[in-house]
1. Please work out the average accessible area per residue across the range 139-245, using the 1.4 Å probe convention, and give it in Å².
2. Which of the peptides 284-291, 738-745 is most tightly packed, and how do the rest follow, going by the mean number of other Cβ atoms within 10 Å of each residue?
3. Applying 1/(1 + (r/R0)^6) with R0 = 51 Å to the Cβ-Cβ distance of residue 298 and residue 134, what FRET efficiency is obtained, to the nearest 0.05?
4. Using protein chains only and a probe of 1.4 angstrom, how many square angstrom of residue 161 are accessible, to the nearest 10?
5. Determine the per residue accessible area of the range 314-365 with all protein chains present and a 1.4 angstrom probe, expressed in square angstrom.
6. With every protein chain kept in the model, how would you rank 350, 892 by accessible area, 1.4 Å probe, largest at the top?
7. Rounded to a whole number, what % of the accessible area of the range 226-322 do carbon and sulfur atoms account for, probe 1.4 Å?
8. Using per-residue counts of other Cβ atoms within 10 Å, averaged over each peptide, order 254-261, 463-470, 796-803 from highest down.
Amino acid sequence: MEPASAIGIASAAICFVEFTYKFTSTLFSLVTEGTATDHDSLEDTCRKMRDMSRDILLSPNPAAPLSPEQRALASLSIQCRMLADRILRKLEKVKPANRKVMTVVKAAVRLVCSKEEFATLQKNLDMCRGQLHLHLSMLHNAAIQAALDNIEVASEDLLERLEKSREKANQQAIQDGLAFQSMVDRYQDIAMAATDTFGWIFDNSSKQLESNRHLLQPFRDWLEDGDGIFHISGKPGTGKSTLMKFLCQHKKTLESLERWSGTKELVLGHFFFWNRGSAMQKSLVGLIRALMYHVVIQRPDIILELFPDLWDPARFEPWGNTRPERIENEDVVRAFQQLIASEEISNGYKFCFFIDGLDEFDEETKTHTNLLSTLLDWVKPSRCLKLCVSSRELPVFQARLNIRQRLRLQELTKKDIENVVRQTLQEEQSFAGATTLEPQDAERLRQSVIEKADGVFLWVVLTLKTIVEALQCGESVSDLFQMMNSVPQRLEDFLGYILDSIPLAQRKKAAFTFAFALGVEFLPVPYFLETLLYPTFSPSLCRYSFLDDIADDPDFLEKQGSVIPSTEAVENRISTCRTRISGRCRGLLEFRPYGLSKDREGLEEIVRFTHRSIPEFLGKYLSSNWGTYLSDFDLVQAYTKTFAAALKLVKAPFPETHKTFSKQIHSLFDVIVTYQGQVTSTHFGYLDEFDAVLHSRQLESKPEFPEASWTKFRSAFRSRPCFESLFHTALGVNYHPYVRWKLNRDPHLVAGVGEAAALIAAFTGIYFEQRYPSQAYRKVKPDDVLSTTETLLEQGLDLTAASAFPNDRGILAWECLLVVVTSAQKEEGDYGVIPLVWAAVEACLQRIDLPPVWHRRDATTLTISIPKIGRVYDASQGCPINAGGLQLGNLKLPGSLQDVGGAATLEDFLCFHSPPNAEKVLQILEGRKGG
């Protein structure tokens with residue numbers, strides 16, 4: 001019987017007992033005290049009691065088995081019903097037939113005579129009542145206990161689920177803290193291997209052994225049973241990166257490594273160095289971060305051992321977004337060292353990492369020798385870790401890496417090249433037609449390409465493009481033989497041969513195209529930019545289409561007009577540009593989808609070099625051979641004017657978000673900062689020209705937005721649209737020369753509502769210098785910050801002015817800088833945000849005397865008070881540098897603020913940070929006290 005059913009029966013039993021007891025007591029009172037009673041009422045009550053006792057016996061689920069307690073309760077119910085029946089029968093005998101005195105007297109006599117019988121009935125009912133209460137109590141307790149047990153089980157399950165959710169959130173925060181935005185860009189940028197290529201790496205062991213007589217074991221055997229470092233070497237353009245990507249994705253790699261790992265857990269990881277990417281993409285710490293990311297993604301259970309200080313699931317909510325943990329580089333390196341040295345970890349795991357492009361490693365203070373020493377140190381003490389690496393055949397790699405575990409790629413890819421040649425030429429209709437006429441020559445041509453390639457895929461790809469173009473022009477196969485005889489076999493010579501083949505009439509515009517692509521290629525891309533914004537740094541075909549306009553007339557932008565052309569006209573411009581680049585640039589540039597990912601075919605194309613070897617060669621070639629054609633080429637001018645010209649082609653609705661605009665126009669300053677040795681005030685004029693186009697297009701997009709609220713660098717309110725300008729962005733990215741130039745030209749630029757906004761933009765820019773450092777922005781110096789802050793304050797800007805943006809919650813400019821001071825973290829090396837922060841503080845202290853006090857209210861709340869003006873600002877609830885507020889658990893604060901109730905002064909932060917200008921700042925503070 002269910003607990004609810006038992007409780008229902010028990011309740012009916014209680015009601016029956018109570019009614020029965022009341023009735024017998026009343027009846028006994030009639031006998032013992034002689035009280036007159038309404039016999040009809042007594043009879044009605046008794047009948048109700050009998051019916052209630054019957055209800056007790058009716059189980060809601062007759063098929064369910066009864067427990068011992070329930071069976072006892074049913075027995076008692078039967079006894080109660082029998083008592084009720086006896087009482088009713090007795091009542092029929094003793095109740096008066098009418099109201100006559102004689103009849104009542106006779107009834108009383110019968111009652112008196114039945115006194116002992118009623119006493120017995122009452123005694124039996126008392127016993128029944130007591131036993132019923134006892135059994136009912138037991139049933140109630142059992143039902144309640146069962147319910148409590150169910151609640152306890154459900155609560156434990158819920159708590160377990162919540163705990164697992166918190167653990168997952170903690171894991172996610174650590175994983176996100178290890179990742180960096182450009183971590184997989186190079187990997188995604190590499191083309192997939194052609195069909196039927198590289199299969200020999202798994203299946204043709206004899207071919208590998210023949211290519212290197214010192215080889216200890218073929219590659220697949222090394223995967224299954226080898227250790228140490230396996231080296232895939234090759235000349236430029238031989239397909240090393242393509243092979244490494246092929247290995248990372250192929251199921252046979254996983255199957256072979258699973259045999260190696262046996263009963264231990266297998267963890268795979270990869271990293272592809274890229275010397276033209278961000279600092280993280282070509283550094284050792286970037287390598288370690290990427291590998292640790294792969295480890296914790298695949299085996300999150302290992303996080304507690306590697307990052308114990310970051311493991312505290314109680315800090316995380318089981319719902320909502322999780323903020324990435326701030327994990328210092330030294331902590332990542334320490335965790336990795338523990339990973340490869342821990343005996344406990346090696347007993348349960350095996351790791352295999354694929355590292356591509358060792359020759360693209362590039363750090364200012366480290367060499368390739370340092371990198372190799374580190375990699376060799378990783379595999380020496382560890383039997384649970386091995387590496388597969390690739391590189392060009394530089395002497396340092398050939399000497400330090402074991403020749404017994406090396407493949408030279410150009411000696412193994414002849415069959416792959418043959419497949420590529422056959423596939424390419426079979427798809428070319430003009431070649432198929434030529435083959436019909438001269439079949440023997442056609443086959444000889446194929447073999448000639450294959451033999452001369454010497455394993456270099458890039459040479460093959462470019463040669464095939466040349467052959468196809470010649471066939472499309474009607475050249476015969478015999479004519480192609482003459483061309484092939486003149487083609488150099490060395491890649492560098494071949495690239496020079498291709499460039500020399502460009503007609504003289506086309507060379508200036510081809511040179512502009514190459515120079516523009518080179519300038520963009522060597523930009524230090526900020527790693528915080530999202531993949532979808534990468535085309536900002538790899539300009540679209542639309543922007544390339546205006547390079548011809550610049551070559552013909554550098555002032556073309558002023559003559560472009562304001563009428564937006566039709567969609568068809570824009571498409572024709574882009575199509576024409578694609579055709580011209582393909583012809584002039586001889587296949588050295590190619591067109592790719594809008595993002596690095598290949599799955600965005602529907603979006604506008606961007607222009608990239610066909611292979612990374614090309615820009616390395618092209619830079620030297622252009623300066624040595626085509627300097628005349630580039631005498632009037634200016635990269636900053638080209639980059640800015642093509643951007644502005646393309647902006648004029650965009651139709652409404654114009655992009656409106658502050659985030660999108662800021663990141664797009666960051667690229668302009670990346671170009672300027674990278675080439676700032678060549679930048680003059682003329683280039684700042686180009687920026688103003690772009691700013692004017694940007695301004696007008698924004699107003700055209702939202703004509704209802706009052707122009708009066710435009711502050712010449714940012715709108716007064718963070719509602720859509722949020723207008724932007726280069727002046728605001730220059731403050732945000734710390735490009736202070738342009739800020740000074742603008743203010744010298746227009747001292748009233750930051751008047752009115754822009755007063756606080758300008759200062760806050762400059763201060764938050766310092767914060768983002770720390771949060772999202774790019775190689776270009778790292779060139780900012782403390783003197784630049786000091787000079788720019790002083791320049792702003794010399795315009796009469798008030799540090800106690802409040803922000804007009806609603807999301808800033810009325811923060812003062814001075815309070816914003818204090819929030820930046822709070823968030824500043826010490827960093828390794830000569831660079832860091834702390835010198836910049838305190839340069840701004842030094843400039844401000846020369847103007848105001850408003851000493852702050854920090855208070856740690858509780859574990860998550862930190863306030864900044866300025867007693868002289870009665871201000872208290874809660875930095876943990878939201879501020880311009882972080883809408884969600886400061887995450888105190890991720891910050892390194894002075895010791896006095898570590899505990900709840902603690903307080904700190906500006907002097908405490910000064911001592912804690914120890915900036916280069918600490919003595920100057922301290923003198924200012926002590927001078928105030930002395931005064």
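The values are calculated or read from the model by the stated rules, or taken from the named source; none is laboratory data. Keep in mind the model is a prediction, meaning the values are calculated, not measured. Backbone-built Cβ (ideal geometry, glycine too); neighbour counts: all protein chains shown. Accessible surface areas use protein heavy atoms only, side chains included; no ligands, DNA or RNA. Shrake-Rupley method; radii C 1.70, N 1.55, O 1.52, S 1.80 Å.
1. Details: 5130 Å² over 107 residues.
Spelled out: the 1.4 Å probe surface of the range 139-245, per residue, equals 48 Å².
2. Working: 284-291: 21.6, 738-745: 18.4.
Ranked from most to least packed, the peptides come out as 284-291, 738-745.
3. Values: r = 62 Å, r/R0 = 1.21.
Plugging the Cβ-Cβ distance into 1/(1 + (r/R0)^6) gives 0.25.
4. The accessible area of residue 161 comes to roughly 150 Å².
5. Values: 2630 Å² over 52 residues.
Accessible area per residue, the range 314-365: 51 Å².
6. Values: 350 30, 892 100 Å².
Ranked from most to least accessible, the order is 892, 350.
7. Values: 1840 of 3670 Å².
About 50 percent, which is the carbon plus sulfur part of the accessible surface.
8. Details: 254-261: 15.4, 463-470: 19.1, 796-803: 17.5.
For the peptides 254-261, 463-470, 796-803, the packing ranking is 463-470, 796-803, 254-261.
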